[in-house]
1. What is the one condition in (1) over 27 Å from the mean Cα position of the chain (by Cα); (2) open to solvent by less than 20 Å² (accessible area, probe 1.4 Å) that residue 393 does not satisfy?
2. For the range 435-489, give me the residue count where each residue is open to solvent by less than 60 Å² (accessible area, probe 1.4 Å), at pLDDT 80 or above and charged (D, E, K, R).
3. Suppose we keep only residues that are touching a His at 6+ places or on another chain (Cβ under 9 Å) and not small (Gly, Ala, Ser) within the range 327-367. Which one would you say is nearest to residue 379 (Cα to Cα)?
4. Residue by residue through the range 204-230, note down the ones that are open to solvent by less than 30 Å² (accessible area, probe 1.4 Å) and over 32 Å from the mean Cα position of the chain (by Cα).
5. In the range 195-225, what residues are among the small types (Gly, Ala, Ser) and in contact (Cβ under 8 Å) with a residue 40 or more places away in the chain?
6. Say we look at the range 40-73 and pick out the residues that are part of a loop (DSSP other than H, G, I, E, B) and charged (D, E, K, R); which of these is nearest to residue 306 (Cα to Cα)?
7. Could you name every one of the helices (runs of 4 or more DSSP H) located completely within the range 81-186 that has at least 2 residues being farther than 30 Å from residue 305 by Cβ?
Amino acid sequence: MSQVNMLETGPKFIPEDKVKEIREACSIVEVISDYVSLKKTGTNYRGLCPFHNEKTPSFFVNEEKKFFNCFGCGERGDVFSFLMKHENMNFQEAVRSLSKRTGISLPEKALTPQQQKMLGEREECFGINESAAKFYNDLLLQDRAGEEAKNYLIKRGINIETIKDYCLGFAPEGWGSVVKYLRSKNLSLPNAQKLGLIIGKGNGQYYDRFRNRIVFPIYNVSHRIMGFGGRIISEGEPKYLNSPESFIYQKRRNLYGLQTALKYIKKENRVIIVEGYIDLLSLHQAGIKNTVAALGTALTEQQIQILKRYTSNIITVFDSDPSGKKAMIRSLEPFLNNSVSPRVVILPPGDDPDSFVRKQGQKAFVDRIENAGSLFDFVVGEIVQRNQTATPRGKIDACEEVVPFLKMISDEMERDLYVQKVSQKLGIKQEHIYSKMGSTSKPGRFARSEKPVLQTTSAFQNNAEKLILRIMIDYPETIDIVEKEALLEDFTEPDLKELGKLLCMEIKQHGKHNLPYLFDKLENESWKKIIAELSFQDNYAGNHVKTLEDCIRDLRLRKSSRERKKVKALIEQAETTRDDSLSLKYQLEYQNLLQEERKIQRYKLNFYQI
């Protein structure tokens with residue numbers, strides 16, 4: 001669905017006509033060329049996709065259609081989408097960035113009362129979090145109540161500068177400290193409850209969620225505080241307590257420390273993922289700033305997708321204890337589901353990133369990073385270790401555990417190499433492993449990995465229905481012929497027929513189709529894939545009118561052929577029952593179809609119709 005053009009701050013929104021004007025004024029090729037080396041190939045520009053790791057370029061940009069599409073990972077969109085995905089901008093930030101680039105001013109209109117209320121509440125919630133963070137930070141650094149917490153951090157090697165940079169704080173032991181502070185600032189306690197800072201107990205009474213804990217503010221990439229993590233400094237459970245999700249904070253979509261790590265991730269083209277807040281702070285303090293931390297849960301696909309925008313080189317560093325190893329194994333699936341092949345650092349027993357870098361130093365940790373092994377290899381090793389692979393049953397059990405992971409690997413060559421490794425490690429033939437995967441015995445034939453590739457014109461000649469849609473996209477003036485000749489009624493593919501109708505409606509309404517707008521309207525992913533595939537074909541090897549003629553002939557001949565097969569079956573049935581009159585009737589019908597096919601073969605379009 002279309003994006004809501006609301007601003008991040010202030011009671012304004014961006015008019016849709018200005019969004020369209022900026023999109024039209026922008027050269028999508030020039031914008032993307034700032035990030036990707038593009039080479040012209042026919043009517044398109046081609047380069048290595050910035051959103052996934054690849055060796056053969058499958059990323060295409062079309063200037064005329066104002067659109068990009070990757071046939072490898074499926075990322076696609078307009079110039080705004082590209083900036084949003086690549087620079088982690090929201091829609092409004094992307095529009096503003098491109099308005100400056102094009103010199104187009106943004107006259108803005110007032111929000112509706114409902115929009116103003118929603119935006120005002122959002123801003124107030126960020127303000128509440130920022131006020132609470134200052135309260136906690138002041139207690140830690142300036143109040144006797146925070147001495148124990150401050151000494152704990154210093155003992156852990158976290159210095160005062162880092163405490164200030166990351167606005168670490170202390171939540172005191174009492175039940176109403178932050179409630180009292182927020183009330184003194186005339187801030188909304190109901191909104192503070194929505195954020196999880198305080199908990200309601202009825203009759204307008206509240207108490208603090210975080211008590212006797214070191215508090216870690218959690219920032220978004222715009223350096224706004226979304227929520228908090230709290231670590232208890234004495235005995236008690238839970239050890240860690242986090243803000244619940246709210247309309248400004250979804251932990252599965254955010255990473256601790258990303259606001260600081262972002263520029264270092266881009267600079268070094270790799271990211272290190274650790275488990276804990278202290279792990280991250282110790283590494284950042286040691287100068288290893290391309291590090292982020294998960295937010296108290298297993299890594300999510302959304303977190304991996306965020307990191308993929310900036311780099312495909314992802315290294316995980318988990319604790320070497322049993323829970324750390326389990327976390328490593330759990331993380332493999334979301335990585336593979338997102339076509340990422342991560343590496344992993346295994347630390348010595350008893351060490352975590354914090355303790356290791358404090359004892360061994362930055363260089364020793366960086367050396368571990370440089371020599372990180374494959375997470376897939378680690379997981380396979382763990383599976384082999386816990387199964388008795390000296391026995392046939394153990395080999396089979398291990399193979400059955402590994403196969404689901406193999407099936408998730410989207411890169412064909414990479415998957416084949418891992419099949420070889422597993423085959424050698426377990427002493428099982430590759431053919432048997434492919435059989436378990438539901439594939440043939442030959443490497444490179446597993447169906448899941450097949451990606452849409454840019455088809456050549458010759459390959460497309462065999463599909464008249466797709467070619468007609470492609471002509472409709474490239475030559476909107478042919479819509480009249482398509483409708484007059486009722487071509488869509490002869491389509492046999494339901495998706496293509498419905499897409500054809502949608503294109504006709506779109507072009508009749510606007511005089512042409514707008515590919516970014518069309519994609520925004522489409523909710524069916526398979527339709528988006530078809531449109532992208534058709535839109536990025538190379539030029540025709542001839543006149544589009546002649547090509548349309550060929551398609552019409554092909555479409556009608558195929559329809560007639562299907563009818564003849566039905567009539568032939570009826571003739572055979574009549575002859576079996578010795579019904580001569582019925583047989584004669586169908587034979588005449590068969591001859592009429594043959595005559596009609598001869599007319600179809602002579603069919604010509606009037607050039608001046610188009």
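The values are calculated or read from the model by the stated rules, or taken from the named source; none is laboratory data. Treat the numbers as computed from the prediction; the structure is a model and nothing was measured. Here the Cβ is made from the backbone with ideal geometry for all residues, glycine too, and neighbour counts use every protein chain on show. Just the protein is used for accessible areas: all its heavy atoms, side chains included, with ligands, DNA and RNA removed. Shrake-Rupley method; radii C 1.70, N 1.55, O 1.52, S 1.80 Å.
1. Among (1) over 27 Å from the mean Cα position of the chain (by Cα); (2) open to solvent by less than 20 Å² (accessible area, probe 1.4 Å), the lone unmet condition for residue 393 is (2).
2. 4
3. Looking at residues that are touching a His at 6+ places or on another chain (Cβ under 9 Å) and not small (Gly, Ala, Ser), I get 340.
4. Listed by number, the residues that qualify are 208, 210, 212, 213, 214.
5. Within the range 195-225, 196, 222 qualify.
6. Within the range 40-73, the match that is nearest to residue 306 (Cα to Cα) is 54.
7. 113-142, 147-155, 160-165, 177-184
Yes/no matrix, rows are residues, columns are (1) among the hydroxyl-bearing types (Ser, Thr, Tyr); (2) open to solvent by 20 Å² or more (accessible area, probe 1.4 Å); (3) closer than 19 Å to residue 339 by Cβ:
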| residue | (1), (2), (3) |
| --- | --- |
| 60 | no, no, yes |
| 65 | no, yes, no |
| 69 | no, no, yes |
| 75 | no, yes, yes |
| 97 | yes, yes, no |
| 102 | yes, yes, no |
